[in-house]
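Report on the structure given below.
Quick note: the coordinates plus some simple rules give every number you see, no bench work behind them. Quick caveat: nothing in here was measured; it's all calculated off a predicted structure. Glycine gets a Cβ as well: all are built from the backbone with ideal geometry, and neighbour counts include every protein chain shown.
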Amino acid sequence: MKKKFLIVIATYYNNISSSLLKSAKNTLPKISTIKTIYVPGVFEIPVTISKNIKKYDGFLALGCVIKGKTPHFDFISQTVTDAIMKLSIENKKPIGNGIITCLNISQALARKKKGREAAQAVISVLSQK
């Protein structure tokens, strides 16, 4: 399946993000075109996908949000998830949500291969007849 994929990755927790990216890229078909755009945080992912929605067949949103002592975690996590789902449905294009939301760094490190699952989800939707 030769498709064009855009990966938008937040670099805020770069050690986690780089592992998400590696697991995603290793899962996408080798014959595909893959472009990666780096953004500072997960909040910038939906607008970056939106700006590129017509250019690609499938998208991966990768990043990490770790809960702190304020409600910021809840607002960011919910807002970004809702925006990604809205973009996907309105444009009828799959966006794999590989943004992990964790309570601490230990949980994030344990989930750093979730990029693979996001890539598999996009591939699955693109394969539908």
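Restricting to Cα atoms and excluding each atom paired with itself, what does the Kirkwood estimate give for the chain in Å?
Final number for the Kirkwood radius of the chain is 14.4 Å.
Between Gln128 and Asp74, what is the label-point separation in nm under the 7 Å Cα-to-beta-carbon projection?
3.2 nm
Express the relative contact order of region 57-129 as a whole percentage, based on alpha carbon pairs under 8 Å and six or more residues apart in sequence.
Details: 84 pairs, mean separation 31.2, N = 73.
Computed over region 57-129, the figure is 43 percent.
Helix 114-126 versus the longest principal axis of the chain: what is the Cα-based angle in degrees, 0 to 90, to the nearest 10?
It works out to around 30 degrees.
Roughly what angle does helix 72-91 make with the longest principal axis of the chain, taking Cα atoms, 0 to 90 degrees, to the nearest 10?
It works out to around 10 degrees.
Please compute the contact order of region 4-126 in relative form: average sequence separation of alpha-carbon pairs under 8 Å and at least six residues apart, divided by the residue count, as a percent.
Details: 226 pairs, mean separation 43.5, N = 123.
RCO, region 4-126: 35 percent.
Taking a threshold of 31 Å on the Cα-Cα distance, which of the pairs Lys3/Lys67; Lys30/Lys112; Lys4/Lys67; Lys93/Lys114; Lys25/Lys69; Lys93/Lys113 fall above it? Working shown, then result.
Working: Lys3/Lys67 35 Å; Lys30/Lys112 21 Å; Lys4/Lys67 33 Å; Lys93/Lys114 20 Å; Lys25/Lys69 33 Å; Lys93/Lys113 23 Å.
Pairs exceeding the cut-off: Lys3/Lys67; Lys4/Lys67; Lys25/Lys69.
Cross-link candidates for Lys35: which aspartates and glutamates have Cα within less than 20 Å, leaving aside residues fewer than 8 places away along the same chain?
Glu44, Asp57, Glu117
Pick out, from Asn52, Pro29, Phe73, the residue whose Cα sits farthest towards the positive end of the charge dipole of region 4-126, with +1 on the Cβ of Lys and Arg and -1 on the Cβ of Asp and Glu.
The residue sitting most towards the positive pole is Pro29.
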